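Below is one structure, written out as structure tokens; the observations come after it.
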Amino acid sequence: MFDVFGTVVDWRSSLIADFTKWSETRGITADWTALVDGWRAVYAASMDVVRKNPQNGYVILDTLHRQSLETLVAQMSI
């Protein structure tokens, strides 16, 4: 077995395209490439918080992704 997600699935371009299309219908302007790249960049750090604090319990990956996205959206004033 091996992980093919980053190889087979083009999540980056898909997200940039989806955010761009979504924002155009709402009159929102943002650097979606920076958001998506930033979102990926904080992935390991969000996992480390969970790994280093087992006393806080298990956190669903979707929850970590959402928390990271909300933080970046606020930082980028989107």
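The values are calculated or read from the model by the stated rules, or taken from the named source; none is laboratory data. All of these numbers come straight from a predicted model, not from anything done at the bench. For neighbour counting, all protein chains shown are included, and Cβ atoms are generated from backbone atoms with ideal geometry for every residue, glycine included. With ligands, DNA and RNA removed, areas are computed over all heavy atoms of the protein, side chains included. Shrake-Rupley method; radii C 1.70, N 1.55, O 1.52, S 1.80 Å.
A 1.4 Å probe run over the protein chains yields, for the chain, 77 Å² of accessible area per residue, whole-number rounding. Helix screen, the chain: DSSP H segments with Cα axial length of 15 Å or more and mean Kyte-Doolittle hydropathy at least -0.5 are 61-75. Loop-located trypsin sites (Lys or Arg not before Pro) across region 16-47 with a Cβ neighbour count of 11 or fewer within 10 Å are 26, with loop assigned by DSSP.
Quantify, in whole percent, the carbon and sulfur part of the accessible surface of region 17-78 (1.4 Å probe; protein heavy atoms only). Taking all protein chains in place, region 17-78 shows 56 percent carbon and sulfur surface. The Rg/Rh ratio of the chain, with both radii computed over alpha carbons and Rh defined as the Kirkwood radius, is 1.03. Sparse packing (at most 14 other Cβ atoms within 10 Å of the Cβ) combined with a DSSP loop state is found for the following chymotrypsin sites (Phe, Trp or Tyr not before Pro) in the chain: 2, 58. Taking amide H as placed 1.01 Å from N in the peptide plane, residue 76 has no amide H partner under 5 Å among residues 5 or more places away or on another chain. Highest mobility in the GNM of the chain, judged by mean-square fluctuation with C-alpha springs under 10 Å and restricted to 15, 61, 35, is found for 61. Placing unit charges on each Cβ (+1 for Lys and Arg, -1 for Asp and Glu) gives the chain a dipole about its Cα centre, and among 57, 43, 20 the Cα reaching farthest toward its positive end belongs to 57.
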